[in-house]
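> One structure follows; several queries about it will come next.
Where a number appears in this text, it was derived from the coordinates with a stated rule and is not lab data. Quick caveat: nothing in here was measured; it's all calculated off a predicted structure. Neighbour counts are summed over all protein chains in view; Cβ atoms, including those assigned to glycine, are modelled from backbone coordinates with ideal geometry.
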Amino acid sequence: MPRRRRNPNGFTTDEIRTSDRIIDEGAFGCSRYTAKKDRIYRYFYPFVEVRMCDKEALEPVSRVFGRATHPARSKQILCKPEDFPPDGKGIWRVSAEARKAERIMQRLDPLLTTKTRKKWQQAQQKCRQRKW
């Protein structure tokens, strides 16, 4: 009987599933944070977001991101009514921002495709360039 190979990087099954979800359904971009006191400061942070109709498929992603699964409601029917009750007008989402997103993407980097890495790097550069 052959010996099983060990995972050299020590990835958990949740991290492997999360990388698959990011490759298939992931989105990258910049989110704006504005702090007001006497002056207006605007900071742009990169974010990673995964949206799916199946809430159970997002459970490993929410555990890796350390965030809860939230509904993103819409006026159009995006999912089947049994997947997003009561009428299917919305989708489930999990997102991470700023340093948390950077740490997650750095950890999952060996599991991602070159196209996904390139999209993440473009989102980071876009956020760095945007200063108001």
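> Taking amide H atoms as placed 1.01 Å from N in the peptide plane, list the residues 5 or more away in sequence, or in a different chain, whose amide H sits under 5 Å from that of Cys79.
The answer is Gly90.
> Now, a different point. Arrange Asp54, Asp20 by Cβ neighbour counts within 10 Å, fewest through most, would you?
In order of increasing Cβ crowding within 10 Å: Asp54, Asp20.
> Also: About the Cα centre of the stretch 25-98, what is the dipole size in debye to 20, counting +1 per Lys and Arg Cβ and -1 per Asp and Glu Cβ, all else neutral?
So the dipole magnitude of the stretch 25-98 works out to roughly 580 debye.
> Take the residue pairs Lys55/Lys100; Lys75/Lys115; Lys55/Lys89 and return only those whose Cα atoms are more than 26 Å apart.
Long pairs (Cα-Cα over 26 Å): Lys75/Lys115.
> Does anything in the stretch 61-77 have its amide N under 18 Å from the 7 Å Cα→Cβ label point of Arg103, and if so which residues?
Correct set: 61-68.
> If I model a spin label as a point 7 Å beyond the Cα along the Cα-Cβ vector, how far apart are those points for Arg32 and Gln125 in nm?
Label at Arg32, label at Gln125, 2.3 nm between them.
> Stretched out fully, how many nm does the piece from Thr114 to Lys55 gain, at 0.36 nm a residue minus the Cα gap?
18.5 nm
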